[in-house]
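The values are calculated or read from the model by the stated rules, or taken from the named source; none is laboratory data. Here the structure is a predicted model, which means the values were calculated and not measured. Don't worry about glycine lacking a Cβ; one is built from the backbone with ideal geometry, like all the others, and counts go over all protein chains shown.
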Amino acid sequence: MNILFVASEVAGYAKSGGLADVAAALPKALKKRKNNIKVVMPRYYSIDKFKLTSLGSMGVPMGNWGEFWCELFQDKNNKDIDIYFIDYERFFGRNGLYDDENGYAYADNDERFIFLSKASFEVAKKLNFKVDIIHSNDWHTSIMPTILKSKYKYDEHFKNSATVLTIHNMQHQGKFSTKILDSAEVGWEAFMSDNLEEFGGVNLLKSGITQSDAVSTVSPKYSKEITTPEFGWGLEGYLQKRELLFGILNGVDYDEWNPAIDKYIAKNYDIDTIKDKILNKRDLQKIFNLPQKDIPLIGFVGRFATQKGIELIAGAIWDLLQMDIQIVILGSGEKWAEGFFSDVASRYPDKFATFIGYNEALAHKIEAGSDMFLMPSLFEPCGLNQIYSLRYGTIPIVRAVGGLDDTIKNLDGYTQNPNGFKFYEASKYALVNTVKWAVDVYYQKEVFDNLIKNAMQERFSWDKAAWKYEKLYKLAILKRELKNE
Ligand code: ADP
Ligand code: GLC
């Protein structure tokens with residue numbers, strides 16, 4: 001199949017979270033399965049254009065504003081995926097992806113991502129790529145089906161194109177004023193019908209949900225959760241009505257996340273050499289100046305956002321620090337959390353350490369060096385870190401939501417092959433009690449070793465997920481064909 005895959009971030013080039021991991025690994029798996037897939041993303045400042053090859057300039061129609069000229073680049077050195085970059089200084093010539101250095105969203109995010117969406121159509125045309133599937137991801141590119149039905153309706157290149165939207169997160173929907181309608185050129189009827197409009201403004205994710213031929217989310221449980229008010233962020237009604245809504249669990253790129261070959265960690269190990277995992281714990285303790293003790297070390301890596309349960313961790317911190325454990329936290333985001341965790345680290349240097357910022361190597365070292373990995377998310381569409389943790393024999397302690405619930409098998413006495421600890425209530429009590437339980441089990445060597453063994457044997461292959469996406473693409477194509485008849 002010919003697939004045009006568009007995302008605002010792709011790992012290896014620009015990343016703020018799991019979307020980037022998926023946007024690199026899924027196309028790689030689809031390409032391996034003999035699909036012709038082209039990935040398009042913006043060329044932010046973090047991407048060195050001198051390592052890329054220019055394919056020349058390209059005009060992108062932006063309604064009343066006329067045509068914007070950008071440059072198209074390709075990374076010819078990337079053997080895993082065919083990836084293209086839209087270089088347009090005015091919109092992408094910045095360090096941040098979505099926010100400025102103070103954490104405020106850029107005021108022109110609407111225009112920036114409408115532009116990316118439109119430019120992606122132009123990339124297909126420039127490359128003479130006859131597209132079977134337009135695969136958009138999250139709100140940034142979820143207006144593409146509506147653009148297809150208007151601006152590119154009669155374009156040869158898209159005559160047979162069906163559309164698929166993957167929702168990685170319902171919280172962020174791309175809500176803007178109607179001023180973007182002109183540059184989007186989708187026509188006012190798209191606004192007046194129940195497509196883009198929400199409370200007099202525009203909701204881009206809503207448009208993707210209502211207009212794509214098929215919609216997927218990144219775990220089966222999340223695909224159900226989002227049809228409820230608790231997880232639907234106001235769009236649950238549309239998701240309840242939506243046919244062809246599926247949950248396809250993300251996989252893991254085991255070329256990147258595998259303790260046997262991980263280039264970032266102090267000592268490689270696998271299930272047969274699990275005794276070497278301790279050397280990574282020592283390394284982590286050394287990096288963070290923690291005493292080299294054999295007590296449970298609990299790791300956390302993630303965005304400091306309410307989604308990730310950071311308020312729960314903050315609320316539980318004094319109770320957690322009463323226990324004989326060590327905690328290492330890597331992340332950035334909400335300023336209060338950055339300040340709070342730094343403060344705790346300075347008061348309890350023997351028990352608690354944090355690195356504020358984004359650090360790829362450290363994320364790997366924490367996966368390898370921790371005994372347990374904490375993810376108390378309020379909601380979690382899929383979650384990748386708990387799946388990485390499993391591969392590293394680092395036992396996840398998670399709240400049973402979304403992908404966390406789908407991937408972690410609780411040590412509850414009746415679940416087969418348990419690989420972690422789960423709690424249900426979103427409270428600090430539930431978190432503290434579950435950590436206490438996990439710490440208790442840590443000292444029951446046989447039970448804990450069994451958890452590690454089960455965890456390390458789990459495989460979440462992208463090949464299987466890619467196979468499911470192919471089925472989804474076929475359904476989308478079928479739906480489009482039947483509708484056109
Ligand atoms: P989300 O996409 O909601 O942030 P995921 O669990 O799907 O959550 O993916 C997060 C990804 O981002 C993982 O690959 C994780 O290792 C990485 N990550 C998050 N924060 C950091 C950080 N501060 N430093 C390094 N990697 C990080
Ligand atoms: C989102 C979700 C996360 C998911 C990731 C990749 O950022 O918050 O749960 O794993 O997308 O799909």
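Just the residues that are small (Gly, Ala, Ser), within 12 Å of ligand 2 (Cβ to nearest atom) and surrounded by fewer than 23 Cβ atoms within 10 Å (Cβ to Cβ), please, taken from the stretch 1-23. Write out each step before concluding.
Looking only at the stretch 1-23, we keep the residues that are small (Gly, Ala, Ser), and these are 7-8, 11-12, 14, 16-18, 20, 23.
Applying the additional criterion that residues be within 12 Å of ligand 2 (Cβ to nearest atom) yields 7-8, 11, 16-18, 20, 23.
ALA11, SER16, GLY17, ALA20 - these are the residues of the stretch 1-23 that are small (Gly, Ala, Ser), within 12 Å of ligand 2 (Cβ to nearest atom) and surrounded by fewer than 23 Cβ atoms within 10 Å (Cβ to Cβ).
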Next item on the list: Could you run through the stretch 272-290 and say how many residues are farther than 30 Å from SER346 by Cβ and either surrounded by 14 or more Cβ atoms within 10 Å (Cβ to Cβ) or modelled with pLDDT under 95 (or both)?
Entry: 2
Note to self: So PHE352 passes all but one of these: (1) surrounded by fewer than 24 Cβ atoms within 10 Å (Cβ to Cβ); (2) closer than 14 Å to LEU284 by Cβ; (3) hydrophobic (A, V, I, L, M, F, W, C); (4) touching a residue at least 40 places away in the same chain (Cβ under 8 Å). Which condition number does it fail?
What the structure shows: (4)
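Sort out for me the helices (runs of 4 or more DSSP H) sitting completely within the stretch 401-485 that have 2 or more residues that are of a type in the set (Val, Ile, Thr) and modelled with pLDDT of 95 or more. Spell out how you get there, then give the answer.
Working: elements: 402-407, 428-442, 445-457, 462-484.
Passing ranges, in order: 428-442, 445-457.
Could you tell me whether TYR152 is surrounded by fewer than 24 Cβ atoms within 10 Å (Cβ to Cβ) and in contact with a Ser or Thr (Cβ under 9 Å, 6 or more places away or on another chain)? Give the derivation first.
Numbers: surrounded by fewer than 24 Cβ atoms within 10 Å (Cβ to Cβ): yes; in contact with a Ser or Thr (Cβ under 9 Å, 6 or more places away or on another chain): yes.
For TYR152, the condition - surrounded by fewer than 24 Cβ atoms within 10 Å (Cβ to Cβ) and in contact with a Ser or Thr (Cβ under 9 Å, 6 or more places away or on another chain) - is met.
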Item checked: Residue check for ILE327: closer than 30 Å to LEU97 by Cβ, away from ligand 1 (no atom under 14 Å from the Cβ) and either outside any helix (DSSP H, G or I) or outside the structural domain of SER389 (by TED's automatic domain parsing) (or both) -> yes
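Would you confirm whether any residue within the stretch 134-156 is among the small types (Gly, Ala, Ser), under 24 Å from the mean Cα position of the chain (by Cα) and within 17 Å of PHE5 (Cβ to Cβ)?
In the first step, residues of the stretch 134-156 are kept if they are among the small types (Gly, Ala, Ser); the result is 136, 142, 150.
The next check asks that each one be under 24 Å from the mean Cα position of the chain (by Cα); those that pass are 136, 142.
Checking which are within 17 Å of PHE5 (Cβ to Cβ) leaves us with 136, 142.
Yes.
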Next item on the list: Within the stretch 15-63, count every residue that is more than 16 Å from ligand 1 (Cβ to nearest atom), within 22 Å of ALA105 (Cβ to Cβ) and assigned to a loop (DSSP other than H, G, I, E, B).
Entry: 5
Check: If you take the residues of the stretch 397-417 that are surrounded by 24 or more Cβ atoms within 10 Å (Cβ to Cβ) and free of Cβ contacts under 8 Å to residues at least 40 places away in the same chain, which of them is nearest to ALA20 (Cα to Cα)?
Finding: LEU404
Margin query: Among the residues that make up the stretch 296-312, is at least one of them over 22 Å from the mean Cα position of the chain (by Cα) and either assigned by TED's automatic domain parsing to the domain that holds GLY232 or surrounded by fewer than 17 Cβ atoms within 10 Å (Cβ to Cβ) (or both)?
Written below: no
Next item on the list: Just one of (1) touching a residue at least 24 places away in the same chain (Cβ under 8 Å); (2) in contact with a strand residue (DSSP E or B) (Cβ under 7 Å, 6 or more places away or on another chain); (3) more than 14 Å from ligand 2 (Cβ to nearest atom); (4) not basic (Lys, Arg) trips up ALA345, so point out which.
Entry: (1)
Item checked: Subset of the stretch 231-272 (residues that are in a loop (DSSP other than H, G, I, E, B), within 24 Å of ILE133 (Cα to Cα) and within 16 Å of ligand 1 (Cβ to nearest atom)) -> ILE248, LEU249, ASN250, GLY251, ASP253
Check: In the stretch 340-394, how many are within 22 Å of LYS453 (Cβ to Cβ), away from ligand 1 (no atom under 11 Å from the Cβ) and among the small types (Gly, Ala, Ser)?
Finding: 4
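One residue is enough: does the stretch 156-170 have a residue meeting the conditions within 16 Å of ILE134 (Cβ to Cβ) and charged (D, E, K, R)?
First, pick out the residues of the stretch 156-170 that are within 16 Å of ILE134 (Cβ to Cβ): 156-167.
With charged (D, E, K, R) added as a condition, the list becomes 156, 159.
Yes, because at least one residue in the stretch 156-170 is within 16 Å of ILE134 (Cβ to Cβ) and charged (D, E, K, R).
Does the stretch 99-109 contain at least one residue that is closer than 23 Å to TYR45 by Cα, within 16 Å of ligand 1 (Cβ to nearest atom) and touching a residue at least 40 places away in the same chain (Cβ under 8 Å)? Give the steps one after another, and end with the answer.
Just the residues of the stretch 99-109 that are closer than 23 Å to TYR45 by Cα, to begin with: 99-109.
Of the ones still in play, those that are also within 16 Å of ligand 1 (Cβ to nearest atom) are 99, 101, 103.
If we keep only those that are touching a residue at least 40 places away in the same chain (Cβ under 8 Å) as well, we get 103.
Checked the stretch 99-109: at least one residue is closer than 23 Å to TYR45 by Cα, within 16 Å of ligand 1 (Cβ to nearest atom) and touching a residue at least 40 places away in the same chain (Cβ under 8 Å).
Can you list the strands (runs of 3 or more DSSP E) found entirely within the stretch 138-230 that contain at least 2 residues being closer than 17 Å to LEU245 by Cα? Walk me through how you get there before you give the answer.
Working: elements: 162-167, 201-203, 214-217.
Passing ranges, in order: 162-167, 214-217.
Let's see how each residue does on (1) within 19 Å of the chain's Cα centre (by Cα); (2) small (Gly, Ala, Ser); (3) crowded, with 21+ Cβ neighbours inside 10 Å; (4) away from ligand 2 (no atom under 16 Å from the Cβ):
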| position | (1), (2), (3), (4) |
| --- | --- |
| GLN173 | yes, no, yes, no |
| LYS179 | no, no, no, yes |
| LEU196 | no, no, yes, yes |
| GLU225 | yes, no, yes, no |
| TRP233 | yes, no, no, no |
Item checked: Given (1) in contact with a strand residue (DSSP E or B) (Cβ under 8 Å, 6 or more places away or on another chain); (2) within 16 Å of ligand 1 (Cβ to nearest atom), index of the condition GLY12 fails -> (1)
Checklist line | So ASP283, is it in contact with a Phe, Trp or Tyr (Cβ under 6 Å, 6 or more places away or on another chain) and away from ligand 2 (no atom under 16 Å from the Cβ) | finding: no
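More than 12 Å from ligand 2 (Cβ to nearest atom) and buried (at least 24 other Cβ atoms within 10 Å of the Cβ): does that describe ILE366? Reasoning before the result, please.
Values: more than 12 Å from ligand 2 (Cβ to nearest atom): yes; buried (at least 24 other Cβ atoms within 10 Å of the Cβ): yes.
In short, yes.
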